[in-house]
Amino acid sequence: MPHSLAVRAPSTGQSIARVAEVLDALAARDTRGEILTAVRHFPAREAQWADLPAWTHADLAATYAAKGITRLYSHQAAAAEAVREGKNVVVVTPTASGKTLCYNLPVVNAILENSDTRALYLFPTKALAQDQLAELHDLNERLENRFGVFTYDGDTPGGARKAIRELGHIVLTNPDMLHTGILPHHTRWTRLFENLRYVVLDELHTYRGVFGSHLANVLRRLRRVARFYGRELQFICSSATIANPGELAGRLLEAEVEVLEANGAPAAEKTFVFYNPPVVNRALGIRRSYINESSRVAQEFLRHDLQTIVFANSRLHTELLLTYLQQANPHAPGGAEKIRGYRGGYLPGERREIERGLREGRIRGVVSTSALELGIDVGSLDAAVLAGYPGTIASTWQRAGRAGRRSGSSCAVLVASSAPLDQFMVRNPDYFFGNTPEHAFIQPDNLEILVNHLKCAAFELPIRPEERFGAVDVRELCARLAEAGYLHRAGEHWHWTHEAYPADTVSLRSVSSDNFVIVDITGQPEVIGEIDFTSALDMVHPKAIYLHGAQQYHVEHLDFEERKAYVKKVDCDYYTDAIRYTQVRVLDIAAQQRSPQTANAVILSEAKDLNLNPATNPSAPSYTHAHGDVLVRSQVVGFKKIKFFTNENVGAGQLELPENEMHTTAWWITLERALLESLPFSISERQSGMFGLLHALESVATLLLMCDTRDLGTSIGERPPAPGAENAEFAPLRLEDAVGANAREFFEPNLYLYDAYPGGIGFSEPLFRVHETLLRQTRELIAGCACEQGCPSCVGPAGDLAPRAKEAALAILDRLCRCGEGGASAAGLAI
């Protein structure tokens, strides 16, 4: 336990005293000093001030003064000056530091100076656009409606769209609407594009991975259309703290960007607690459920009348926590719920109502996915509980920053799961508090993404022969698209000729652009939500229990033709969890390396018994590691019924649903036959060891890449005879098959770590480069775990694996690490 758990209560406000009472209650449970692994107190920080720029329009200065803003924070003033000088800017400061004013001040000022000036604001979500609209409306009303400001998204009525195109000085939208609703119809937006000067990119840090790669191509198209109308655009970006904001902005904009990182905003005091659920079985390393413990911690805050937000890492866990908290805090008969859920899939009106309830204080607790992680104004919350490590340091700080946004003291509690990454963070708090947040990676020249946007670009304007679109050969791609019937060459230009509307078939955020609508048929049919195609297979498959606002619905029918899921209200004591199988096939090897066949003392001694002296026998224990293109097939084949609170498995069912295919990139390691035969374990134990090894490899790879756990997928399969070859033996190894009595021996298995996005986003090649570090740190993770037979913090739950899985995983790693050692030491052993 940390040496001091006391939090000093200041003279102002009662919330800090109540926070102190909650922490004392948590500390009282920690009798062994193992639960609260870190309690860090961050004192309040004074503001750094600067004067309003001298060039600020007198009316705008008076308007800000009427709002109580007579001076700016230092970073706001620096950003306004940089924009005034015509620079592309990215402002990188924490949550609630006043980033909005960094772009509103120079943009509105420019409009007041020249009423023809136009600006386009891009937000990653519709909710953020609505939030900022309220701020701009207030500013405009105080200026006697001197400019037009509107949101333009999928919810905008058709009758209002023409007026927005003509009258909008500032148009607030999202990348998806820019992609499908504005760029393809740019001739209707002539007034905007002929005068477009500024493009604002808010929450820049969210544009990573596949979403960011798509956005980079959408911005290429935006600049291309703007140049057609004779405009060069200036970009103003804002971002939460990440390791490479300048690099990310530069790759997105393909232009020089000035990075402003000095934060002049004040900060209220905050306490950050790391909470590790208590161990209930030391031999198996089993801890109490982190979902149940998160509920208990949140309930402690709610009991002390502290407005609390709880973050969960999945939609299912959001609904589970909401169910538990609503049962613990029943609302008065006829009264409204004081604990609400918030996630993607809820209808827009429902989400807006929850946001208002939080701002007004009517809602005392909210359970959310990452949907509330961004800067939507939900008022001044007192506490944030994070149910599980979000996957990145940056995201953790974003979620913790949702409490105490405006003023007053606040508390954030990270409740760790048993996953290796969670356990690493809570056991090594100095790593978290002392490290910079992660890098944000994008791959805009990913061919699958780029080709789709090149089609969209051709639809918008004919492609000229000298045009550049990323780092690819545009002429060659256009020629290929012409052969496929999409383009036609007329003179030197390529024209779109296909009947399809290309932007409509390209989703910026997921594999499929199709969403399922969820229809409640308990009484009169009513649409209660929507869900993307991939998630629908997991959450609204036939016989599933779908949770929405803590209400349980049984899925009666999933209609693939109409993209509708029909559900009925039920009251049961379990929920369902889908079982998905994944299969990987190598298509092309980009690079490959075989370990030296020279061996070490451990392998030599065990190889003698098998007549496998590596100096004379070419089949000495060794391995191959490689990276390249793969085809990933996945399918939901069944589901488990899990009881609320106890997490007992109370039943299962089988399903026959469509198979998904994805072309991506992967790093993999091949365990050669001699290495497997040198292991003194049964077939079942070897295969359990492989699953345990892969479980740990994924966690360490996530840490080395500084990426999100959801960015990587894993699978085990037989090594194919050649890349792309189809053969009868090509089938994934499944965990339940590995530990069964009829476990089938694999001749030379491949252990895959693949990019979980179509086309890949560039993780496999770095893993190939650092594979020795990856293997060494994975061995340290497993060997350093205090459990006896394996646990969720190293190789996975012991109950799911054969008894000696941990030993087997370590034995494999011993061979991998020593096989990979330099030739000199191995040569010495041979002598």
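The values are calculated or read from the model by the stated rules, or taken from the named source; none is laboratory data. The model shown is predicted, which means the values in this text are computed figures rather than measured ones. FYI the Cβ positions are ideal-geometry reconstructions off the backbone, even for glycines, and counts take in every protein chain you see. Ligands, DNA and RNA are stripped out before the accessible areas are found, and what is left, the full protein with its side chains, is counted by its heavy atoms. Shrake-Rupley method; radii C 1.70, N 1.55, O 1.52, S 1.80 Å.
Meeting the requirement of 1 or more residues that are within 18 Å of residue 764 (Cα to Cα) and at pLDDT 90 or above, the strands (runs of 3 or more DSSP E) wholly within segment 561-646 are 574-594, 623-643. Scanning segment 515-541 for residues being of a type in the set (Asp, Glu) and either open to solvent by 70 Å² or more (accessible area, probe 1.4 Å) or out of contact with any strand residue (DSSP E or B) (no Cβ under 8 Å at 6 or more places or on another chain) (or both) gives a total of 2. Remark: pairs (first residue in segment 83-111, at positive phi; second residue open to solvent by 30 Å² or more (accessible area, probe 1.4 Å) and of a type outside the set (Ser, Thr, Tyr); Cβ separation under 9 Å; 6+ apart in sequence or on different chains) = 96/267; 96/405; 96/406.
Of all residues in segment 189-214, which are among the hydrophobic types (A, V, I, L, M, F, W, C) and at pLDDT below 95?
Step one: of segment 189-214, the residues among the hydrophobic types (A, V, I, L, M, F, W, C) are 189, 192-193, 196, 199-201, 204, 210-211.
Across segment 189-214, the qualifying residues are 204, 210, 211.
Criterion applied to 119, 129 was being within 24 Å of residue 195 (Cβ to Cβ), at pLDDT 95 or above and among the small types (Gly, Ala, Ser), and the one residue passing it is 119. Can you pull out every residue in segment 753-776 that is under 16 Å from the mean Cα position of the chain (by Cα), over 17 Å from residue 696 (Cα atoms) and of a type in the set (Asp, Glu)? None - no residue of segment 753-776 is under 16 Å from the mean Cα position of the chain (by Cα), over 17 Å from residue 696 (Cα atoms) and of a type in the set (Asp, Glu), so the list stays empty.
When residues in segment 760-803 are screened for being crowded, with 20+ Cβ neighbours inside 10 Å and not in a helix (DSSP H, G or I), 13 of them pass.
Are any residues in segment 67-93 assigned to a helix (DSSP H, G or I) and over 16 Å from residue 109 (Cα atoms), and if so, which ones? Give the steps one after another, and end with the answer.
Applying the first criterion (assigned to a helix (DSSP H, G or I)) to segment 67-93 yields 74-84.
Selection gives 74, 75.
Go through the residues of segment 326-340 one by one and say whether even a single one is within 23 Å of the chain's Cα centre (by Cα) and either crowded, with 16+ Cβ neighbours inside 10 Å or outside any loop (DSSP other than H, G, I, E, B) (or both). Yes, the conditions are met somewhere in segment 326-340. Among the residues of segment 274-314, those that are open to solvent by 30 Å² or more (accessible area, probe 1.4 Å) and more than 22 Å from residue 327 (Cβ to Cβ) comprise 279, 280, 281, 282, 283, 284, 286, 287.
Can you work out which of the residues in segment 149-162 that are closer than 14 Å to residue 189 by Cβ and surrounded by 12 or more Cβ atoms within 10 Å (Cβ to Cβ) is modelled with the lowest pLDDT? In this case the residue turns out to be 156. In the condition set (1) part of a helix (DSSP H, G or I); (2) within 22 Å of the chain's Cα centre (by Cα); (3) over 30 Å from residue 300 (Cβ atoms), residue 433 is compliant with all but (3). For segment 273-280, does any single residue satisfy the condition of being under 30 Å from residue 18 (Cβ atoms), free of Cβ contacts under 8 Å to residues at least 24 places away in the same chain and assigned to a loop (DSSP other than H, G, I, E, B)? No, every residue in segment 273-280 fails to be under 30 Å from residue 18 (Cβ atoms), free of Cβ contacts under 8 Å to residues at least 24 places away in the same chain and assigned to a loop (DSSP other than H, G, I, E, B).
Which residues, taken from segment 476-505, are in a helix (DSSP H, G or I) and exposed (fewer than 15 other Cβ atoms within 10 Å of the Cβ)? If the condition is that a residue be in a helix (DSSP H, G or I) and exposed (fewer than 15 other Cβ atoms within 10 Å of the Cβ), then 476, 479, 480, 483, 504, 505 are the ones that fit.
For segment 45-60, the set of residues classified as surrounded by fewer than 16 Cβ atoms within 10 Å (Cβ to Cβ) and assigned to a strand (DSSP E or B) consists of 45, 49, 51, listed by residue number.
Figure legend. Inter-residue proximity from segment 632-659: first residues outside the structural domain of residue 555 (by TED's automatic domain parsing) and touching a residue at least 24 places away in the same chain (Cβ under 8 Å), second residues of a type in the set (Asp, Glu) and part of a strand (DSSP E or B), beta-carbon distance below 6 Å, spacing 6+ or different chains. Indicated pairs: 633/661; 640/577; 642/577.
Number of residues in segment 139-185 that are closer than 19 Å to residue 57 by Cα and touching a residue at least 12 places away in the same chain (Cβ under 8 Å): the value is 9. Quick check, is residue 323 open to solvent by less than 40 Å² (accessible area, probe 1.4 Å), outside any loop (DSSP other than H, G, I, E, B) and in contact with a Leu (Cβ under 8 Å, 6 or more places away or on another chain)? Taking the combined requirement at face value, the residue satisfies it. So, residue 353, is that one open to solvent by 10 Å² or more (accessible area, probe 1.4 Å), among the charged types (D, E, K, R) and assigned to a helix (DSSP H, G or I) or not? The answer is yes for residue 353. Could you list all residues from segment 686-719 that are assigned to a helix (DSSP H, G or I), modelled with pLDDT of 90 or more and either of a type in the set (Val, Ile, Thr) or not assigned by TED's automatic domain parsing to the domain that holds residue 763 (or both)? Scanning segment 686-719 gives a single hit, 700. Selection of segment 216-248 for residues being in a helix (DSSP H, G or I), modelled with pLDDT under 95 and touching a helix residue (DSSP H, G or I) at 6+ places or on another chain (Cβ under 8 Å) yields 245, 248. Kindly evaluate residue 362 against the criterion of being in a helix (DSSP H, G or I), surrounded by fewer than 23 Cβ atoms within 10 Å (Cβ to Cβ) and not hydroxyl-bearing (Ser, Thr, Tyr). Considered against the rule, which asks whether it is in a helix (DSSP H, G or I), surrounded by fewer than 23 Cβ atoms within 10 Å (Cβ to Cβ) and not hydroxyl-bearing (Ser, Thr, Tyr), residue 362 comes out as no.
Checked against the criteria, residue 514 does not count as at pLDDT 90 or above, over 30 Å from residue 377 (Cβ atoms) and not basic (Lys, Arg). If you go through segment 187-207 and keep only what is touching a Phe, Trp or Tyr at 6+ places or on another chain (Cβ under 8 Å) and within 17 Å of residue 172 (Cβ to Cβ), you end up with 193, 196, 198, 199, 200, 201, 202, 203.
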